[in-house]
Amino acid sequence: MSPSPDRRCAGRRQVDRPLRVASDAVGLGAWGDSRQTAEEPGAGCSRPAAGSDSRFIAREARRQMAAEGAALPRTLRTYVAARAALGLALVLAPWLASLMGGRTPLPLMALCLAYAGQAVSLWLLHDPADERQRPDHLLPSQWLWTIGVDLVAFSLLRLLDPLGQLNYAALLVLPVLMSGVMTQRRVALATAAAVTLLLLLGVWLAAAEGGDMLAQLSQAGLAGAGMFLVTLLASELAQRLAREERMARSSLELARQQTLLNRLVIEEMSDGVLVVDRQGDLRAINPAGRAMLGQVGQALKLPSPLADQPGLDGLRQALDQAYHHGSWPASAREISLSLGDGDDRRLQVRARFTRRGGIAADDTPPEDICVLFLEDMRSVRTRARQDKLAAMGRMSAGIAHEIRNPLAAIAQANALLLEDALPAPQLQLARIVADNARRLKRIVDDVLDVAPGARAQAVVIDAVAEVAQICADWRLAAPSETRAAERLHCDLPAAVLPVLFDPEHLRRVLINLLDNAARHAGPLPGALRLRLAPRSGAVWLTLASDGEVIAADVERHLFEPFFSTRSRGSGLGLYICRELCERHGASIEFGVAPPAMRHRNVFTVTMRAAPAN
């Protein structure tokens, strides 16, 4: 797609912009820092490799979106590892106490060994790959083998040794805390209530053995209240973490989509885009940029120092000056490049400077980046010629409108002269004036038809009758030496073919086509073949001639205004035919028939068939 004039002007205003200090990492990184150009397996399109901003965003988004609760697996892994370490500590604690003269009951030692075996086994058998599709909260089986086992084991330790030297009741804080973090709030509060009841049961057992019941009851009450407080705080923090994580996943997904969109837009741009750092290393280039740099661009491997490409010396020198002075030099807005094998190109260059920094925890120091926009000067000149042609067309339409009235007066005065008996020399001069006045009138009409106007009101006409009448009038009006009656063969159906078209405009289109075809067709009978037939809900009018096949370089410009292969032609005939057809929802095309056929130059007018009454 061609860049709009507004965008081109905006780009030119940025040419002399000084080196910016503000970070523009997202804008640049959305396309990619192509220090590596490896493609990801299974990706639909190539993306920058690891280390680039866009790859970082895409990787983080995929990682965050892989599981609904990404924080839960990390917490669970930590909890499982802590249980294994705690199990080993419980095994060593009674053994150390026995070395210091203490006595550990055998059931207590067996319970510690059983808990350590379960915790270590779960830690060794835990597979992180199973966490990818887990929900926000623990599954029942997960709760049973972690928090459930802890509650039972720590409660039994507390009940088996209520007055022991080791305070096993403190261990109950761990399952209460993990329940608040990894389970729903109701389950967490139920866990805290169960632990509180176990603490009260432990007080009752201790009182039965002669302990101070009042003091232990106060301790149990305070511990139970602490359990509920820990549960509520942990649950609130876990919910807040989940909300923040969902927001982060949503933001990363939007950033990933914007990255792909920006990349697609830049790759489809008709302007070449190059990203070059201060060291002169080419970091990224879009397909249009490779095409503009010819064989050198197609062979570039990223990253690639511009100094290693002899054909890009001019670009490298201009870039050094730009980084030195802080703005793109005015002398380098147009650069000539010698790309080898006689491929010399002149490019228009626009530049924008920015400073790229790291993302999130990336400690990459900021660096200066120059984004170059290249445009082939041939395209610039072509666009300028088209603008000039459009301006000439508007000016010609205005001039033709002013010429029409004086020309009509000249033609009328000359017609009055021809009504009188004139001597032979004056009569010949008057006829020359009349012929040239008619020729000027045709040119004026052609120029005025080029000017855009309101869409014509199409009416229902019989294409067969109209085309037959137009062909008959053309045969009668054609000079006798052209032998129009012999050269034109019409193949018209007998049935009525109603179409939506203005009869005068159809006459204008068909007369133009017949005149052009007769001018270039051969002299033999049947050199022109006109056919009218219905096809696919439309009516096709084809005019084929046996003249020399129109060259490909001429065919591309057939319907352009002011293009003519004749020195005396205005170059508006076929352009007017196309304009009149489009005003009525019709189309006109040119095609070349196979070499075995006599009539190879074929013009086809496709008209809209009128709906049946």
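Within segment 55-104, count every residue that is among the basic types (Lys, Arg), at pLDDT below 70 and surrounded by 14 or more Cβ atoms within 10 Å (Cβ to Cβ). Total satisfying the criteria: 2. Among the residues making up segment 252-268, those that are farther than 23 Å from GLU375 by Cβ and surrounded by 14 or more Cβ atoms within 10 Å (Cβ to Cβ) are LEU252, GLU253, ALA255, ARG256, GLN258, THR259, LEU260.
I want to confirm something. Restricting to segment 139-165 and keeping residues that are among the aliphatic types (A, V, I, L, M) and surrounded by fewer than 17 Cβ atoms within 10 Å (Cβ to Cβ), which single residue is nearest to LEU124 (Cα to Cα)? Let's see the steps before the verdict.
Taking segment 139-165 and keeping what is among the aliphatic types (A, V, I, L, M), we get 139, 144, 147, 149, 151-153, 156-157, 159-160, 163.
Okay, now just the ones that are also surrounded by fewer than 17 Cβ atoms within 10 Å (Cβ to Cβ), so 139, 144, 152, 159-160, 163.
Numbers: LEU139: 20, LEU144: 17, VAL152: 21, LEU159: 29, LEU160: 29, LEU163: 34 Å.
So, considering only residues that are among the aliphatic types (A, V, I, L, M) and surrounded by fewer than 17 Cβ atoms within 10 Å (Cβ to Cβ), the one nearest to LEU124 (Cα to Cα) is LEU144.
Within segment 290-303, residues that are more than 14 Å from LEU347 (Cα to Cα) sit with their Cβ atoms under 6 Å from residues that are among the hydrophobic types (A, V, I, L, M, F, W, C) and surrounded by 13 or more Cβ atoms within 10 Å (Cβ to Cβ), at 6+ positions apart or across chains, in these pairs: VAL296/LEU339.
Tell me, please, whether a residue that is touching a Ser or Thr at 6+ places or on another chain (Cβ under 8 Å), of a type in the set (Gly, Ala, Ser) and part of a strand (DSSP E or B) can be found in segment 503-520. Step through it out loud before you land on a result.
Kept after step one, since they are touching a Ser or Thr at 6+ places or on another chain (Cβ under 8 Å), are these residues of segment 503-520: 517-518, 520.
Add one more test, that the residue is of a type in the set (Gly, Ala, Ser), and what stays is 517-518.
This time we only want the ones that are part of a strand (DSSP E or B), so: none.
There is no residue in segment 503-520 that is touching a Ser or Thr at 6+ places or on another chain (Cβ under 8 Å), of a type in the set (Gly, Ala, Ser) and part of a strand (DSSP E or B).
For segment 586-602, a residue qualifies if it is in contact (Cβ under 8 Å) with a residue 40 or more places away in the chain, part of a strand (DSSP E or B) and more than 16 Å from PRO534 (Cα to Cα), and the qualifying residues are PHE590, VAL592, ASN601, VAL602.
When the residues of segment 341-356 are filtered to those that are in contact with a helix residue (DSSP H, G or I) (Cβ under 6 Å, 6 or more places away or on another chain) and surrounded by fewer than 16 Cβ atoms within 10 Å (Cβ to Cβ), which remaining residue is modelled with the lowest pLDDT? Out of the qualifying residues, it is ASP343.
Of everything in segment 294-308, what is in contact with a helix residue (DSSP H, G or I) (Cβ under 9 Å, 6 or more places away or on another chain) and within 19 Å of ILE369 (Cβ to Cβ)? Give them in sequence order. If the condition is that a residue be in contact with a helix residue (DSSP H, G or I) (Cβ under 9 Å, 6 or more places away or on another chain) and within 19 Å of ILE369 (Cβ to Cβ), then LEU300, PRO305, LEU306, ALA307 are the ones that fit.
Within this structure, ALA421 passes the test of being outside any helix (DSSP H, G or I) and either under 23 Å from ARG519 (Cα atoms) or at pLDDT below 85 (or both). Looking at segment 105-163, the helices (runs of 4 or more DSSP H) lying wholly inside it that each contain 2 or more residues that are at pLDDT 85 or above and more than 24 Å from LEU201 (Cα to Cα) sit at 106-125. Kindly evaluate ARG455 against the criterion of being at pLDDT below 85, in a helix (DSSP H, G or I) and either within 30 Å of GLU402 (Cβ to Cβ) or of a type outside the set (D, E, K, R) (or both). It is false that ARG455 is at pLDDT below 85, in a helix (DSSP H, G or I) and either within 30 Å of GLU402 (Cβ to Cβ) or of a type outside the set (D, E, K, R) (or both).
Residue check: is ARG529 at pLDDT below 90, under 23 Å from LEU492 (Cβ atoms) and outside any loop (DSSP other than H, G, I, E, B)?
Working: at pLDDT below 90: no; under 23 Å from LEU492 (Cβ atoms): yes; outside any loop (DSSP other than H, G, I, E, B): yes.
Considered against the rule, which asks whether it is at pLDDT below 90, under 23 Å from LEU492 (Cβ atoms) and outside any loop (DSSP other than H, G, I, E, B), ARG529 comes out as no.
If only residues of segment 294-326 that are more than 30 Å from the chain's Cα centre (by Cα) and among the small types (Gly, Ala, Ser) are counted, the one that is surrounded by the most Cβ atoms within 10 Å (Cβ to Cβ) is ALA322. All conditions but one from (1) over 15 Å from LEU541 (Cβ atoms); (2) outside any helix (DSSP H, G or I); (3) modelled with pLDDT of 85 or more apply to LEU500; the one that does not is (1).
The values are calculated or read from the model by the stated rules, or taken from the named source; none is laboratory data. Everything numeric here is computed off the predicted structure, so don't read it as measured data. Glycine gets a Cβ as well: all are built from the backbone with ideal geometry, and neighbour counts include every protein chain shown.
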